[in-house]
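Below you'll find the structure, written out as structure tokens, and then a few comments.
The values are calculated or read from the model by the stated rules, or taken from the named source; none is laboratory data. For clarity, every value in this text was computed on a predicted model and none was experimentally measured. Quick reminder, even Gly has a Cβ in these numbers, built from the backbone with ideal geometry, and neighbours come from all protein chains shown.
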Amino acid sequence: MLRMDPARTPLGRMLMEEITPVVMVLRTPLVEESCLKNGLSFIEMLSPFCNFTNIDVPVRTSSDQPYRLQKFKLRLFYESNIRQPDLEIAKEQLKKVITQVGEKDHSELSSDPPHISNELAKSGSEIWPSWFEFINKELIRMVSFSEHEAFDHPVACLLVVSSEDEEPINKFVDLFNSNKLPALLNDGAMDPKILKYYLLVHDNQGGSSEKYIFLFVVVMLLFFQF
């Protein structure tokens, strides 16, 4: 059985960074305010827990070939960012990236050339053009969240409410029923029956958490699937 480490190749790294499952995050303003007290957005705070590097999971490819997955990653996006970039803006950004990469390559060519023996000793994954990863990443970003591919369509939704919110139970319901959902979801291009997970955030700076224990129990009973 093959053991796959995607970080060993540029293509593998690109897949890990750009084509991994997406989780849509819907949160109330109070959630974001609590996180920003520490200089982090909610997604930035949660991101370290979305990289799994110490796993050993047997999976199979579409051709039924078994291998062991040792690394996995989730990508988090706020609902407001789940939309396809404006084409003209994306084109200008791509031009800028191409120019920057070209200038970098020119400066490298002007320096001392690498010794031929060192270049021949490199593995196949080390001799990709220096611009490959930069351009490829930008091209993928240009077509993200489109109607015609599902790589960026959310597989799950995380609904996040603060314990300081008024009527927090209703907030959970309102978050997914609001008019702030991505257009692709409202238009039917994305599956509206995606998995939903519920998170109640409590800021200890707001005082004792004892009075919020009951609220936590209510949330668990209402939304937890036994």
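Could you grab me the full set of residues in the stretch 42-70 that are crowded, with 16+ Cβ neighbours inside 10 Å and part of a loop (DSSP other than H, G, I, E, B)?
Across the stretch 42-70, the qualifying residue is only Gln70.
Only one residue in Lys211, Lys193 is basic (Lys, Arg) and either at pLDDT 80 or above or in contact with a Leu (Cβ under 6 Å, 6 or more places away or on another chain) (or both). Which one? Steps first, please.
Working: Lys211 fails: either at pLDDT 80 or above or in contact with a Leu (Cβ under 6 Å, 6 or more places away or on another chain) (or both).
Every option except Lys193 fails the conditions.
Considering only the stretch 4-41, state which residues are outside any helix (DSSP H, G or I), touching a residue at least 60 places away in the same chain (Cβ under 8 Å) and within 25 Å of Arg83 (Cα to Cα).
Quick first cut of the stretch 4-41, residues outside any helix (DSSP H, G or I) only: 4-5, 9, 19-28, 37-41.
So of that shortlist, the ones also touching a residue at least 60 places away in the same chain (Cβ under 8 Å) come out as 4-5, 9, 19, 21-28, 37.
Ile19, Pro21, Val22, Val23, Met24, Val25, Leu26, Arg27, Thr28, listed by residue number.
Which count do you get for residues in the stretch 37-74 that are touching an Asp or Glu at 6+ places or on another chain (Cβ under 7 Å) and not assigned by TED's automatic domain parsing to the domain that holds Val22?
Within the stretch 37-74, the subset touching an Asp or Glu at 6+ places or on another chain (Cβ under 7 Å) is 41-42, 68, 70-71.
Next, only the ones that are not assigned by TED's automatic domain parsing to the domain that holds Val22 stay: 68, 70-71.
Summing the residues that are touching an Asp or Glu at 6+ places or on another chain (Cβ under 7 Å) and not assigned by TED's automatic domain parsing to the domain that holds Val22 in the stretch 37-74 gives 3.
Any idea which of (1) surrounded by 10 or more Cβ atoms within 10 Å (Cβ to Cβ); (2) at pLDDT below 75 is the one Ile98 doesn't satisfy?
Among (1) surrounded by 10 or more Cβ atoms within 10 Å (Cβ to Cβ); (2) at pLDDT below 75, Ile98 violates only (2).
Between residues in the stretch 173-185 that are closer than 14 Å to Ala156 by Cβ and residues that are surrounded by fewer than 13 Cβ atoms within 10 Å (Cβ to Cβ), which pairs lie under 8 Å by C-beta distance while being six or more apart or on different chains?
Leu185/Pro192
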